[in-house]
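Data block below; observations after.
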Amino acid sequence: LVSLSYFRKDIEDAIEYVQRIQPFTFTTAANYPEGHLQGAEVELRQDLGRFVEGLAGLSAGANATFIDSLVTLPDDEAAGFEDPGIQAPMRSREMTNAPEYLLNFYLTYDFAPTGTQVGLFYTIQGDTLVVGAGEANGNFVPSIYATPFDTLNLTLTQRLGEHFRLTVQAKNLTNPEIETVYRSPYVSGGDRTNTSYTAGVELSVALTARFSL
């Protein structure tokens, strides 16, 4: 399989996550006038057994998604960023939670005679705006971005007789450092760390049964 696709969404009253400044800074959802999101996706998938008989049941694939997004700020918020005490003019910005790109690579193996299925999935997520910038009373808080990170997941499913199935899953095997940073062209010094952590490796085992009545 080889495919190439294009997508576009035009959104009214887009729900965006923004920062508000009171005696403390907090994150809240707000409706923006409009938003636009477009992008392209390319996918490749191949059964390797077609080339080598010994690889029957083994498939490899990859897909890449590239996203371009934009939201229009409300007039009062845009005016606040243009305040002489802030001087961070912006009438539009990226949409929150729309990564710049997503890259996926995977290997799957399905051996019907023994009821064995194995899947290995690797994903890379690009820069993602998490929370938009905020302002109040001459104070400015830059936008928060999640920096690129990867994940590696493994799934093994084994049929046990006619009715039972054993599933073993290992998630986030690379256990990457996940970091969010403050970022703005109006703040000198480049990115500043907001949070940094590792999510840990998650292991699970499940035994399921299915009976027809």
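The values are calculated or read from the model by the stated rules, or taken from the named source; none is laboratory data. Predicted model only: the values in this text are computed from it and were never measured. When we count neighbours, we look across all protein chains shown, and the Cβ atoms used for this are built from the backbone with ideal geometry, even at glycine. With ligands, DNA and RNA removed, areas are computed over all heavy atoms of the protein, side chains included. Shrake-Rupley method; radii C 1.70, N 1.55, O 1.52, S 1.80 Å.
Taking THR151, THR65, THR198 in turn, the Gaussian network model of the chain (Cα-Cα springs below 10 Å) assigns the largest fluctuation to THR198. Converting phi to 3J(HN,Hα) with the Karplus coefficients 6.51, -1.76 and 1.60 and the offset θ = phi - 60°, the range 185-200 yields x, 9, 10, 6, x, x, 5, 10, 5, 9, 9, 8, 7, 10, 7, x Hz in sequence order, with x at every glycine or proline. Solvent exposure of the range 54-213, expressed per residue, is 56 Å² of accessible area, with all protein chains present and a 1.4 angstrom probe. Counting alpha carbon pairs within less than 8 Å and at least 6 residues apart, what relative contact order, in whole percent, applies to the chain? Dividing the mean separation by the residue count of the chain yields 14 percent. Normalised by the number of residues in the range 90-213, the mean separation of alpha-carbon contacts (under 8 Å, six or more apart) gives a relative contact order of 20 percent. Taking 7 Å steps out from each Cα toward its Cβ at ALA64 and GLU177 produces label points 2.7 nm apart. For the chain, modelled as a GNM whose springs connect Cα atoms under 10 angstrom apart, the maximal fluctuation among THR72, THR28, THR180 occurs at THR28. Loop-located GluC sites (Glu not before Pro) across the range 143-213 with a Cβ neighbour count of 12 or fewer within 10 Å are GLU162, with loop assigned by DSSP. Just ARG159, ARG20, ARG45 to compare: in a GNM of the chain, with alpha carbon springs under 10 Å, which one fluctuates most? Of ARG159, ARG20, ARG45, the most mobile in the Gaussian network model is ARG159. Here's how it looks for GLY57: its modeled amide H is under 5 Å from those of GLY49, which are all 5 or more places away or on a different chain. Counting charges near SER184 (Lys, Arg +1; Asp, Glu -1) among other residues having Cβ under 13 Å from its Cβ returns a value of 0. Amide H to amide H distances under 5 Å link VAL131 with ILE144, where only residues 5 or more positions off or on other chains count and H is placed in the peptide plane.
3J(HN,Hα) along the range 127-133, derived from phi through the Karplus expression 6.51 cos²θ - 1.76 cosθ + 1.60 where θ = phi - 60°, amounts to 3, 9, 6, 9, 9, x, 5 Hz, with x in place of Gly and Pro.
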